[in-house]
Amino acid sequence: MPDIVQPSLTPQGVSPLVAEVKRRPDVKVTTLQSMKEKGIPVAALSIYDYPFARTAAKAGVDVIIVGDSLGMTVLGYGNTLPVTMDEMIVFASAAARGASPMFTVGDMPLGAYQISNEEAVRNAIRFIKEAKCAAVKCEASMKLLPRFEAIANAEVLVMGHLGLNPQKIHEMGGHRIQGKTIEGTKELLKTAKALESAGAFAILLEGVTEEVSGIIRNEIKIPVYGIGSGRFVDGQLLIGHDPLDLYDWGARPVPKYIKHYRSDSVGKTAGEVMLDAFSRYVQEVKARQFPFPENVHHIDIEAFKNPAKGSEEDAARILELMSFLPKAA
């Protein structure tokens, strides 16, 4: 009979993965605001369970979002629409137990906040009370602005999710890059400003052209993070499974904003390979290397320089707001 290998424990009786996490100060909402003001990029990952959370913490990740994307990456659904609140609470609870010192955000699934202000507040509180998250995230629109006001008035931190909204995949006609037109840019900026006024503590932009993301970041005071939204934001988010190439895209092309962090090392455990990938991602975000030019979506600048009749004033204003762009961009 082969020898049974006992797990390695520290003298305190805990896993080295927990014990070796460098003692960083807890990341709080004030930390995130300060990082924006100081120009320090936030490195964020979507994480769904305890071991991934511990590895992310050890890698130096600042924020984890327990996203309803788990419907696809973990539960095998074709999209995020079937995910329930009860499923989200189970996974958010697991991730939050391993999240210290990171800031943990619970993602409100379809149906958790659209019905009424009362339902939105009730479910937001579940994330704080049951799952021990620090904040919640909701997909945003001008129509849903009262939900954000209600959650913020209930003294729950709420993040707005703009751009490509997976919960509106049918309404949007699929996964389409946002912020490519004059009207689309105006609507995104208007909604971002309204979310700030409604009490949102931060905004996540998904699938937005980097020029428009940069405008939004510069025009509001709260942090603006991006997933597939270019380089000119206050921090980057990736789905935790994507740097590890764990999601099967099948015949579909891998979205260009994703980077797979490959390891040429042999003799490493799966946990060590994961830690290496997450650490490299954090380092590249902090150094403002990721996303790389090949990971970025752009506007059609000619459409803004030669707008349709009646849109000249709006186009000129948007181009003026793009003055922050490097000349070579």
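Restricted to the range 41-87, and to residues there that are closer than 26 Å to LEU275 by Cβ and hydroxyl-bearing (Ser, Thr, Tyr), the residue that is surrounded by the fewest Cβ atoms within 10 Å (Cβ to Cβ) is TYR50.
Counting just the residues of the range 24-39 that are assigned to a loop (DSSP other than H, G, I, E, B) and touching a residue at least 12 places away in the same chain (Cβ under 8 Å), which one comes out surrounded by the most Cβ atoms within 10 Å (Cβ to Cβ)? Result: VAL27. Counting only residues that are among the acidic types (Asp, Glu) and not in a helix (DSSP H, G or I), which one in the range 244-286 is nearest to the chain's Cα centre (by Cα)? Per the stated criteria, the residue is ASP245. Just the residues that are touching a helix residue (DSSP H, G or I) at 6+ places or on another chain (Cβ under 7 Å) and not in a helix (DSSP H, G or I), please, taken from the range 182-207. Matches in the range 182-207: GLY199, ALA200, PHE201, ALA202, ILE203, LEU205.
Taken over the range 287-329, residues that are farther than 30 Å from MET35 by Cα, of a type in the set (A, V, I, L, M) and not in a helix (DSSP H, G or I) amount to 1. Only a single criterion out of (1) among the aliphatic types (A, V, I, L, M); (2) farther than 17 Å from ILE177 by Cα; (3) not in a loop (DSSP other than H, G, I, E, B) is not satisfied by ILE222, namely (3). Here is a check on your reading of the model: is SER46 within 16 Å of the chain's Cα centre (by Cα), under 23 Å from GLY226 (Cβ atoms), at pLDDT 95 or above and among the small types (Gly, Ala, Ser)? For SER46, the condition - within 16 Å of the chain's Cα centre (by Cα), under 23 Å from GLY226 (Cβ atoms), at pLDDT 95 or above and among the small types (Gly, Ala, Ser) - is met. Checked against the criterion of being over 29 Å from SER279 (Cα atoms) and either within 14 Å of the chain's Cα centre (by Cα) or of a type in the set (S, T, N, Q) (or both), the range 104-111 has no qualifying residue. In the range 189-204, the residues that are charged (D, E, K, R) reach residues that are in a loop (DSSP other than H, G, I, E, B) with C-beta atoms within less than 8 angstrom, at least six apart or across chains, in these pairs: LYS190/MET142; LYS193/ILE220; GLU196/ILE220; GLU196/LYS221; GLU196/ILE222. Only residues that are buried (at least 20 other Cβ atoms within 10 Å of the Cβ) and in a helix (DSSP H, G or I) were counted in the range 144-165, giving 4.
Can you spot a residue in the range 230-237 that is modelled with pLDDT of 95 or more and within 19 Å of GLU183 (Cβ to Cβ)? Scanning the range 230-237 turns up no residue that is modelled with pLDDT of 95 or more and within 19 Å of GLU183 (Cβ to Cβ). Please determine whether any residue of the range 50-62 is at pLDDT 95 or above, in a loop (DSSP other than H, G, I, E, B), more than 15 Å from ALA200 (Cβ to Cβ) and hydrophobic (A, V, I, L, M, F, W, C). Looking through the range 50-62, at least one residue is at pLDDT 95 or above, in a loop (DSSP other than H, G, I, E, B), more than 15 Å from ALA200 (Cβ to Cβ) and hydrophobic (A, V, I, L, M, F, W, C). The set of residues from the range 166-208 being farther than 27 Å from LYS305 by Cβ, in contact with a strand residue (DSSP E or B) (Cβ under 8 Å, 6 or more places away or on another chain) and either at pLDDT below 95 or buried (at least 22 other Cβ atoms within 10 Å of the Cβ) (or both) comprises PRO166, GLN167, LYS168, LEU195, ALA200, ALA202, ILE203, LEU204. Among the criteria (1) closer than 30 Å to LYS180 by Cβ; (2) of a type in the set (A, V, I, L, M, F, W, C); (3) crowded, with 20+ Cβ neighbours inside 10 Å, the one PHE292 does not fulfil is (3). Exactly one residue among VAL233, VAL266 is free of Cβ contacts under 8 Å to residues at least 60 places away in the same chain, closer than 26 Å to THR31 by Cβ and among the aliphatic types (A, V, I, L, M), and that residue is VAL233. Once the range 237-261 is narrowed to residues that are among the charged types (D, E, K, R) and surrounded by 13 or more Cβ atoms within 10 Å (Cβ to Cβ), the residue that is farthest from ASP62 (Cα to Cα) is LYS256.
The values are calculated or read from the model by the stated rules, or taken from the named source; none is laboratory data. These numbers were taken from a predicted model, which means no experiment stands behind them. Heads up, the Cβs are rebuilt from the backbone with ideal geometry, glycines too, and the neighbour counts pull from every protein chain shown.
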